[in-house]
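The next block holds one structure in the form of structure tokens; read it before the comments.
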């Protein structure tokens, strides 16, 4: 389960626990491999399935399952879910409000249609700025057909929604200045962390032995290995530190760039770099706790200054020092929390220097880790952000009574 699915799952569970009736309309699990798990294959052939998970009604609808590799396959995956969810949702009970979370933008179209059909308020949640972030990673340009098409969809959704929820203050500023969205139409509900799950107490004493990293200083990158993340700079930092036999880089996850990054590491004979496949979410805290420092990187681009990576918050919650190669919002949080070392994006020399600094001082690592854990408890617990989101929905509905929420 990636960060977007975790946000929906955890918010929904908190809302259901508060006594609200919550329905999540989603696809069958298939990301990022494009393979539907065995336990869902019979249900997949029936096109639609229903589950009750932690008090949340989960409705899964059919889509084209494709791996997160090629652009045309992703488009088939996205568009098939848009059509499928728009039709399946028509047969679900009428909620009081519909939330559609993007990316990808076609989910927003499905949510808008269902809200229009059910005649209920439509809340558009923006977790990433599309199409701007696509251009930032080299997918098309501002004049491309793809960019113009997605910009029209984004503009339509910004205009047609009753309210917009964004995950960082910089996103709100961007929508106001670049898209002309009225300030009172946008609320910020930042990503949160399940602090009980992502905790220093989640350590697995035998994990380092099983991973053959005992006695090593372990620097971990845990998350999507995608086009946005500038992972070549991590490999270059590993190359600079190959003489330091005690330092090991652990890259955990999957994504569009994994095959290329794995090949590059092999070609450069980087024996200090290890790769692990994507892990179940419940096992991620143990892998974080098995690390001595954690990496958060993005490419050097203005649009990424607006981003607050969820994995950074999870690393902080596990009391691990963070090396952050992201400017803007992410840097500000780390500096305010005094929870890590900030480096210039895509600067392998600074990444390597930060690793050396942390590997040389256990006292510094423990101090930064404690600071991060405390900051998360004060500002970014999932319980707190779920309550903030409820307050926004109550304002949209103009009342404070219990209601039904549907998330597409």
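Some observations on this one:
- Cubic angstrom per residue, convex hull over Cα atoms of segment 301-362: 72 Å³
- Stokes-Einstein diffusion coefficient of segment 144-255, Kirkwood radius over Cα pairs, 37 °C, 0.692 mPa s, in µm²/s: 177 µm²/s
- 14 Å tail of the calculated P(r), segment 59-120, as % of Cα pairs: 56 percent
- Descending semi-axes in Å of segment 200-379, equivalent ellipsoid built from Cα gyration tensor: 21, 20, 16
- Candidates 177, 101, 188: whichever shows maximal mean-square fluctuation once the chain is modelled as a Gaussian network with Cα springs under 10 Å: 177
- Across the chain, the relative contact order, built from alpha-carbon pairs under 8 Å that are at least six residues apart, equals 18 percent.
- Each part gets one Cα centre, and for segment 113-133 versus segment 22-47 those centres are 22 Å apart.
- If you run the Gaussian network model on the chain, springs between alpha carbon atoms under 10 Å, then out of 183, 67, 32 the most flexible one is 183.
- The chain: calculated mean residue ellipticity at 222 nm from DSSP helix runs of at least 4, using -39500 (n - 2.57): -13000 deg cm²/dmol
- Build a GNM of the chain with springs between Cα atoms under 10 Å apart, and of 143, 388, 371 the one that fluctuates most is 143.
- Listed from fewest to most Cβ neighbours within 10 Å, the set 75, 312 follows the order 75, 312.
- Figure legend: label point modelled 7 angstrom from the Cα of residue 282 along Cα→Cβ; residues of segment 188-232 with amide N under 13 Å from it are 197.
- Which of 361, 133 has the fewest Cβ neighbours within 10 Å, and the rest in rising order: 361, 133
- The equivalent ellipsoid that matches the C-alpha gyration tensor of the chain spans semi-axes of 35, 23, 22 angstrom, in descending order.
- Counted by neighbouring Cβ atoms within 10 Å, the residues 150, 76 run from fewest to most as 76, 150.
Every read-out reported here was derived from the displayed coordinates using simple, explicitly stated rules and does not represent laboratory data. Here the structure is a predicted model, which is why all the values come from computation and not from measurement. Because the Cβ atoms are built from the backbone with ideal geometry, glycine has one as well, and the counts that use them run over all protein chains shown.
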